[in-house]
1. Among the residues that make up the range 198-213, is at least one of them basic (K, R) and either more than 24 Å from I67 (Cβ to Cβ) or away from the ligand (no atom under 12 Å from the Cβ) (or both)?
2. State the number of residues belonging to the range 249-258 that are surrounded by fewer than 17 Cβ atoms within 10 Å (Cβ to Cβ) and either of a type outside the set (G, A, S) or touching a residue at least 12 places away in the same chain (Cβ under 8 Å) (or both).
3. With the requirement that a residue be surrounded by fewer than 22 Cβ atoms within 10 Å (Cβ to Cβ) and either within 14 Å of the ligand (Cβ to nearest atom) or not in a loop (DSSP other than H, G, I, E, B) (or both), what does the range 162-173 give you?
4. Hey, among the residues in the range 214-246 that are among the charged types (D, E, K, R) and within 17 Å of the chain's Cα centre (by Cα), which one's nearest to the ligand (Cβ to nearest atom)?
5. Checking the structure you have, find out if any residue of the range 142-153 is in a loop (DSSP other than H, G, I, E, B) and within 16 Å of the ligand (Cβ to nearest atom).
6. If I ask for residues that are surrounded by 18 or more Cβ atoms within 10 Å (Cβ to Cβ) and out of contact with any Gly (no Cβ under 7 Å at 6 or more places or on another chain), which ones from the range 46-61 would you list?
7. Answer yes if at least one residue in the range 91-99 is surrounded by 22 or more Cβ atoms within 10 Å (Cβ to Cβ) and either part of a helix (DSSP H, G or I) or touching a helix residue (DSSP H, G or I) at 6+ places or on another chain (Cβ under 6 Å) (or both), and no otherwise.
Amino acid sequence: MRSTVLRSAPFPQRAFFFAHNPTLLMLHIFPDAAAIAEHVSTTLIEKISIKPEIVLGLATGGTMEPIYARFVEKALRRRLDVSALTSFNLDEYVGLSAGHPKSYCAYMRQHLFQHLDFDASRLYLPDGLAHDLDRHSQEYSTKMQQCGGIDLQLLGVGANGHIGFNEPGTPFDSCCHVVQLSDRTRMDNSRFFEGNAIVPASAITMGMSEIMRAREILLVATGEGKAEIMAEWYASEVTEAIPFTVLKRHARVKILLDEAAASLLPGSLRESLMVAAA
Ligand code: F6R
């Protein structure tokens, strides 16, 4: 397996340049999704080893699949103890039970939870069948606070810039809430609902304010389908119209892109941020 090194790090004049442009400091470009999976899985293992009772914020979706697969491989090989960690997932579809094969709960079992010795009582997802969804959302927020908040939040990003299921226009001060999914999001996610299954119209999502309260954030975007929104993110001011622009205000965030997702960023920028395969 190839390891990665940050090629831009050794040049002091670049460090100076970056220090005056925090947006650039956040971006890291890797050759491909496998290189990102390598990097993120190593980060997770290091963080869990240092703080076994870490609170993780977890995402689902296609972007996370290679990351969880690589993490599971390495964690098994190292016999990493994950039994003390707590996790909160970002979101769940309304109307799908935890046992439904298309629920995010089933996704987490399939890609992560069933493979390692987690303590199931510490793995939290919103309940898509909650009787009172608003009350459940508040309780989910409260539970996160009681557990001390999120230490490390993993994020993917929607092609419309959503994080969690916070669609464009969601207030930055929102807490966990029920959201009507946009047509674009439902269309993008229909690839996970083969056959006649219909993507649910609504979901429960962690809010923007809870995401921003995470002490550290890693956002991953891979594939050419994310290139346009990444270019918009780069060029844009912080705006609720592109939810993940708010990350420009977070003190400890890294945005990890593969070359395809970075392909519409300015060329000189791409070169300077490339993480070389060693
Ligand atoms: C999933 C989530 C979403 C996804 C985003 C990207 O829990 O919160 O924000 O991260 O929709 O999805 P993929 O990775 O399938 O492109």
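1. Here is the first cut: in the range 198-213, the ones basic (K, R) are 213.
If we keep only those that are either more than 24 Å from I67 (Cβ to Cβ) or away from the ligand (no atom under 12 Å from the Cβ) (or both) too, we end up with 213.
Yes, the range 198-213 has at least one match.
2. First, pick out the residues of the range 249-258 that are surrounded by fewer than 17 Cβ atoms within 10 Å (Cβ to Cβ): 249, 251-252.
Add one more test, that the residue is either of a type outside the set (G, A, S) or touching a residue at least 12 places away in the same chain (Cβ under 8 Å) (or both), and what stays is 249, 252.
Total satisfying the criteria: 2.
3. Kept after step one, since they are surrounded by fewer than 22 Cβ atoms within 10 Å (Cβ to Cβ), are these residues of the range 162-173: 167-173.
Within the range 162-173, E167, P168, T170 qualify.
4. First, the residues of the range 214-246 that are among the charged types (D, E, K, R): 215-216, 224, 226, 228, 232, 237, 240.
Then drop every residue that is not within 17 Å of the chain's Cα centre (by Cα), which leaves 215-216, 226.
On the way: R215: 19, E216: 17, K226: 7 Å.
That would be K226.
5. Step one: of the range 142-153, the residues in a loop (DSSP other than H, G, I, E, B) are 147-151.
Narrowing the set further to residues that are within 16 Å of the ligand (Cβ to nearest atom) leaves 150.
Scanning the range 142-153, I find at least one residue that is in a loop (DSSP other than H, G, I, E, B) and within 16 Å of the ligand (Cβ to nearest atom), so the answer is yes.
6. Hits for the range 46-61 are I48, I54, L56, G57, L58, T60.
7. yes
A short reminder: the numbers here are calculations on the coordinates, not readings from a lab. As the structure is a computational prediction, the values presented were derived from the model and not from experiment. Don't worry about glycine lacking a Cβ; one is built from the backbone with ideal geometry, like all the others, and counts go over all protein chains shown.
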